[in-house]
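The values are calculated or read from the model by the stated rules, or taken from the named source; none is laboratory data. Note that the structure is predicted; figures quoted are calculated from it, not measured. Here the Cβ positions follow ideal geometry from the backbone for every residue, glycine too, while neighbour counts run over all protein chains shown.
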Amino acid sequence: MENIKKLHPISITIIIGTLFARMAMFMTIPFLAIYLTSVKGVSASFAGAIIGISSIVGLFGGFFGGYFSDRYGKEKMMKMSLLMWTFVFIGFATAESVWTFFLLNALNGLCRSFFEPSSRALLSQVTKQENKLLVFNLRYAAINVGAAIGPLVGLKIGASSSTTAFFVTSFVYFLYFILLVTLFSKYTIEKHSDASEHVTLRNAVTVLGNDRVFLFAVIGMILGITGYSQFNSTIPQYLSQYKDGVQLFSYLIVFNAITVLVVQYPVSRIGKHYSALTSIMLGIGAVALGLFGFGLFTAVPMLFVSMFVLTVGEVMMFSMTDIFIDQIAPKHMKGLYFGSMGFTAIGNAIGPWIGGLMLEHLGYGNQLLIFTLLALCTSIGFPVLLYVGRLIKATKRHIEYSL
């Protein structure tokens, strides 16, 4: 608690804002597909396209969002994104045409890809080195708590049968906008001495293209996320063959959420005593081991053990990614680097497709072969990141340790 009191008011506001904004987001967006298919009569494939367009826009938007935050200011990008988000959610609440929903969810992805890199870069800028591990872990916890509570609230207010809940989401984002406007007018954020070196778009592409540490880190993370994405795709499809398989998977989701909150603090100590990169590497190994467990075991208790191992890997990977990027990014290009990490979402795109192909062609009864192959694919990320560590040493890369 004493450490939290030492944090900059902007850091505390962003963390609390993240909690309520994510809660409001997960109160509505997870139910959008159900609303579109059951109320609007949209086909499952088109509903999937409407939901998926947000991620596709975010995949490429993150680079530009990060670049603009470095070029024009993090505060400006955050305020603009939140205000635009407010109107996007009002649009969801009043939309009638399915193509309107498609456009609005694309804008939703754009807002997120502009806001997220800016907020993380600002957190990095206003936080002292010794407090960065705490700040980024609090932000990660806020995201998970919001994602856990939001759907429960959405279920209570009928978000799957009506769009009126989007008015509530819009109101929360508008309050967040007003809060940041007030805060930014009260506190002056110092500009970096090299911030005057305005980065051109060409220069941004060149810097990232020549940064082998960053490029191989992205490749390693894509492989790790490819494995983790099976939790939301291949694993529930595989479990559907079990008696009460849907109920079993719902219990695994709850178990995953509880485990994330319980193990986050002790797991973060690994990053503190070793390095963020080491934690991410071990996380990828744990995700691969958890996937192998789903193929090896059929007894329900052992499936929960496998879920525990996979979840520990999830925390080790995702709670340390922001710290790692903060360490390797130049001070005046933090937004660009945070935004460009959005390319790791490729793993979320190809992972479910690969798992689905394996289930389709190898059969649900070949779970050991399927999950072994998925685990092997995931584990390739470990040596890739091991190479990243050697590159850092070989190039004598300056790392600002914040652990």
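Scan region 303-313 and tell me whether some residue there is in contact (Cβ under 8 Å) with a residue 40 or more places away in the chain and within 21 Å of Tyr387 (Cα to Cα). Spell out the reasoning first.
Taking region 303-313 first, the residues in contact (Cβ under 8 Å) with a residue 40 or more places away in the chain are 303-304, 307-308, 310-313.
Those left that are additionally within 21 Å of Tyr387 (Cα to Cα): 313.
For region 303-313, residues in contact (Cβ under 8 Å) with a residue 40 or more places away in the chain and within 21 Å of Tyr387 (Cα to Cα): present.
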*Across region 52-97, which residue is surrounded by the most Cβ atoms within 10 Å (Cβ to Cβ) among those that are more than 22 Å from the chain's Cα centre (by Cα) and aromatic (Phe, Trp, Tyr)?*
Phe92
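Residue-wise test of (1) loosely packed, with under 15 Cβ neighbours inside 10 Å; (2) touching a residue at least 12 places away in the same chain (Cβ under 8 Å).
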| site | (1), (2) |
| --- | --- |
| Phe214 | no, yes |
| Met221 | no, yes |
| Ile225 | no, yes |
| Lys243 | yes, no |
| Val246 | yes, no |
| Phe249 | no, yes |
| Leu252 | no, yes |
| Gly290 | no, yes |
| Phe297 | no, no |
*Please state which one of Gly58, Gly52, Gly48 is within 21 Å of Asp326 (Cβ to Cβ), in a helix (DSSP H, G or I) and modelled with pLDDT under 90.*
Gly58
_Please determine whether any residue of region 141-149 is modelled with pLDDT of 90 or more, part of a helix (DSSP H, G or I) and not aliphatic (A, V, I, L, M)._
no
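Which residues, taken from region 237-248, are assigned to a helix (DSSP H, G or I) and closer than 16 Å to Thr298 by Cβ?
Going residue by residue through region 237-248, those that are assigned to a helix (DSSP H, G or I) are 237-239, 245-248.
Of everything in region 237-248, those that are assigned to a helix (DSSP H, G or I) and closer than 16 Å to Thr298 by Cβ turn out to be Gln237, Tyr238, Leu239, Gly245, Leu248.
Tell me whether region 173-188 contains one or more residues that are aliphatic (A, V, I, L, M), at pLDDT below 85 and at negative phi.
First pass over region 173-188, keeping only residues aliphatic (A, V, I, L, M): 175, 178-181, 183.
Retained after the next criterion (residues that are at pLDDT below 85): none.
Taking every residue of region 173-188 in turn, none turns out to be aliphatic (A, V, I, L, M), at pLDDT below 85 and at negative phi.
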*Qualifying residues in region 1-28 (those that are in a helix (DSSP H, G or I) and modelled with pLDDT under 80) - the one nearest to Asn144 (Cα to Cα)*: Ile4
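Quick check on my filter: what residues within region 60-109 are of a type in the set (A, V, I, L, M) and under 15 Å from Ser170 (Cα atoms)? If you could, list the steps in order and put the result at the bottom.
Residues of region 60-109 of a type in the set (A, V, I, L, M): 77-78, 80, 82-84, 88, 90, 93, 95, 98, 103-104, 106-107.
Matches in region 60-109: Met80, Leu82, Leu83, Met84, Val88, Ile90, Ala93, Ala95, Leu104, Leu107.
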*Hey, which of the helices (runs of 4 or more DSSP H) in region 332-382, taking only ones fully inside, have at least 3 residues that are more than 15 Å from Leu215 (Cα to Cα) and modelled with pLDDT under 85?*
346-362
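State yes or no: is Phe68 in the same structural domain as Ala141 (by TED's automatic domain parsing), of a type outside the set (Gly, Ala, Ser) and at pLDDT below 80?
Working: in the same structural domain as Ala141 (by TED's automatic domain parsing): yes; of a type outside the set (Gly, Ala, Ser): yes; at pLDDT below 80: no.
Taking the combined requirement at face value, the residue does not satisfy it.
Picking from Arg397, Arg390, which residue would you name as being over 23 Å from Gln241 (Cα atoms), among the basic types (Lys, Arg), in contact (Cβ under 8 Å) with a residue 40 or more places away in the chain and surrounded by fewer than 21 Cβ atoms within 10 Å (Cβ to Cβ)?
Just a single option satisfies the conditions, and that option is Arg397.
Listed here are the residues, each with its yes/no results for (1) at pLDDT 90 or above; (2) closer than 23 Å to Ser340 by Cα; (3) not aromatic (Phe, Trp, Tyr).
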residue: Trp99; (1), (2), (3): yes, no, no
residue: Asn105; (1), (2), (3): yes, yes, yes
residue: Asn108; (1), (2), (3): yes, yes, yes
residue: Ser119; (1), (2), (3): yes, yes, yes
residue: Ser124; (1), (2), (3): no, yes, yes
residue: Lys128; (1), (2), (3): no, no, yes
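Yes or no, residue by residue, for (1) within 19 Å of the chain's Cα centre (by Cα); (2) outside any helix (DSSP H, G or I); (3) of a type in the set (Phe, Trp, Tyr):
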residue	(1), (2), (3)
Ser250	no, no, no
Val263	yes, no, no
Lys272	no, no, no
Met281	yes, no, no
Thr298	no, yes, no
*In this structure, does Glu116 turn out to be surrounded by fewer than 22 Cβ atoms within 10 Å (Cβ to Cβ), among the acidic types (Asp, Glu) and touching a residue at least 40 places away in the same chain (Cβ under 8 Å)?*
no
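So is Ala159 within 13 Å of the chain's Cα centre (by Cα) and either surrounded by fewer than 24 Cβ atoms within 10 Å (Cβ to Cβ) or assigned by TED's automatic domain parsing to the domain that holds Ser81 (or both) or not? Talk me through it step by step, then tell me what you get.
Working: within 13 Å of the chain's Cα centre (by Cα): no; either surrounded by fewer than 24 Cβ atoms within 10 Å (Cβ to Cβ) or assigned by TED's automatic domain parsing to the domain that holds Ser81 (or both): yes.
It is false that Ala159 is within 13 Å of the chain's Cα centre (by Cα) and either surrounded by fewer than 24 Cβ atoms within 10 Å (Cβ to Cβ) or assigned by TED's automatic domain parsing to the domain that holds Ser81 (or both).
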